[in-house]
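Have a look at the structure below before the remarks.
The values are calculated or read from the model by the stated rules, or taken from the named source; none is laboratory data. Bear in mind that the values here come from a model prediction, so they are computed numbers and not experimental data. A quick note on method: Cβ atoms are made from the backbone with ideal geometry, for glycine too, and the neighbour counts reach across all protein chains shown.
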Amino acid sequence: QVQLQESGPGLVKPSETLSLTCTVSGGSISDYSWSWIRQPPGKGLEWIGYIYYSGRSQYNPSLKSRVTISLVASKNQFSLKLTSMTAADTAVYYCATSVVGALDYWGQGALVTVSS
Amino acid sequence: QSVLTQAPSASGTPGQRVAISCSGSSSNIGSNSVNWYQQLPGTAPKLLIYSNNQRPSGVPDRFSGSKSGTSASLAISGLQSEDEADYFCAAWDDSLNAHYLFGTGTKVTVL
């Protein structure tokens, strides 16, 4: 069974860039697609984007100008970079993978707070 | 931007049947399959239903999904206390910039 674990800073300053990594175990990064989703405290889910092993990626139009999702195949990881962070980007960030065309497996989530 | 609309809350007593609806449009539910996710308090979402009505291994058969036109529905029969959670529908949206869209979420309370 595929397992995912997010890692990265819990606190980011306004205007800085968020960098998160998702480590995959029990499966290969060369299979499936790999996504990032976020959830502001007390609110709903927002899909950020995904990437395939081929490198093809797709992003939420509302975040597209600030987002980059990349693969680190040698480490069986993928990453998220989100630039120009503001308080509105405070959220729990989840990584997930799609096996059956939906988001089958999720990480436990990483809370990221934007504050000076 | 497209929206998948769900009622904010639903409730029932143990053993009852509860239905949650998800309303979209021709660019999302009308042309793509619907998935449902369950989020227990303080935990990550879990896939509950995929491709409109398919259950992943391990999901009890009291959870069922359906789709008609631009709407979808999740039914929980024989409601149990452990079903108290947030439920989100989701579907791909094929508008100008295709993206995966989550519903607004429904909080199910077991009375």
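Of all residues in the range B:63-107 being within 13 Å of chain A (Cβ to nearest Cβ) and among the polar types (S, T, N, Q), which is surrounded by the most Cβ atoms within 10 Å (Cβ to Cβ)?
The selected residue is B:Thr106.
Among the residues in the range A:9-23, are any in contact with a Pro (Cβ under 7 Å, 6 or more places away or on another chain), touching a residue at least 12 places away in the same chain (Cβ under 8 Å), outside any strand (DSSP E or B) and of a type in the set (Val, Ile, Thr)?
No, the range A:9-23 has no match at all.
Return the residues of the range A:14-67 that are within 12 Å of chain B (Cβ to nearest Cβ) and aromatic (Phe, Trp, Tyr); say none if nothing qualifies.
Within the range A:14-67, A:Trp36, A:Trp47, A:Tyr50, A:Tyr59 meet the criteria.
Among the candidates B:Pro60, B:Pro41, single out the residue that is more than 10 Å from chain A (Cβ to nearest Cβ), without any contact (Cβ under 8 Å) to a residue 24 or more places away in the chain and more than 14 Å from the chain's Cα centre (by Cα).
Going through B:Pro60, B:Pro41 in turn, the sole match is B:Pro60.
Taking the criterion of being farther than 18 Å from A:Ser116 by Cα, modelled with pLDDT of 95 or more and of a type outside the set (A, V, I, L, M, F, W, C), would at least one residue in the range A:11-23 satisfy it?
Looking for residues that are farther than 18 Å from A:Ser116 by Cα, modelled with pLDDT of 95 or more and of a type outside the set (A, V, I, L, M, F, W, C), one finds at least one in the range A:11-23, hence yes.
Only residues that are at pLDDT 95 or above and assigned to a strand (DSSP E or B): list them for the range A:72-90, please.
A:Gln77, A:Phe78, A:Ser79, A:Leu80, A:Lys81, A:Leu82
Would you mention how many residues in the range A:96-116 are more than 11 Å from chain B (Cβ to nearest Cβ), surrounded by fewer than 16 Cβ atoms within 10 Å (Cβ to Cβ) and touching a strand residue (DSSP E or B) at 6+ places or on another chain (Cβ under 6 Å)?
Summing the residues that are more than 11 Å from chain B (Cβ to nearest Cβ), surrounded by fewer than 16 Cβ atoms within 10 Å (Cβ to Cβ) and touching a strand residue (DSSP E or B) at 6+ places or on another chain (Cβ under 6 Å) in the range A:96-116 gives 2.
For A:Leu80, work out the one condition from (1) more than 11 Å from the chain's Cα centre (by Cα); (2) surrounded by 18 or more Cβ atoms within 10 Å (Cβ to Cβ) it doesn't fulfil.
(1)
Please count how many residues of the range A:22-71 are of a type outside the set (Ser, Thr, Tyr) and within 17 Å of A:Ala91 (Cα to Cα).
Matching residues across the range A:22-71 total 19.
Of these, A:Tyr93, A:Tyr50, which one is surrounded by 16 or more Cβ atoms within 10 Å (Cβ to Cβ), closer than 20 Å to B:Ala91 by Cβ and modelled with pLDDT of 95 or more? Lay out the reasoning, then the answer.
Details: A:Tyr93 fails: closer than 20 Å to B:Ala91 by Cβ.
After ruling out the rest, the residue left standing is A:Tyr50.
How many residues are surrounded by 13 or more Cβ atoms within 10 Å (Cβ to Cβ) and either closer than 12 Å to A:Leu71 by Cβ or more than 14 Å from the chain's Cα centre (by Cα) (or both) if we restrict to the range A:24-38?
Result for the range A:24-38: 7.
Yes or no: the range A:85-95 includes at least one residue that is within 8 Å of chain B (Cβ to nearest Cβ), touching a Phe, Trp or Tyr at 6+ places or on another chain (Cβ under 9 Å) and under 30 Å from B:Ser57 (Cβ atoms).
Yes, there is a match, as at least one residue in the range A:85-95 is within 8 Å of chain B (Cβ to nearest Cβ), touching a Phe, Trp or Tyr at 6+ places or on another chain (Cβ under 9 Å) and under 30 Å from B:Ser57 (Cβ atoms).
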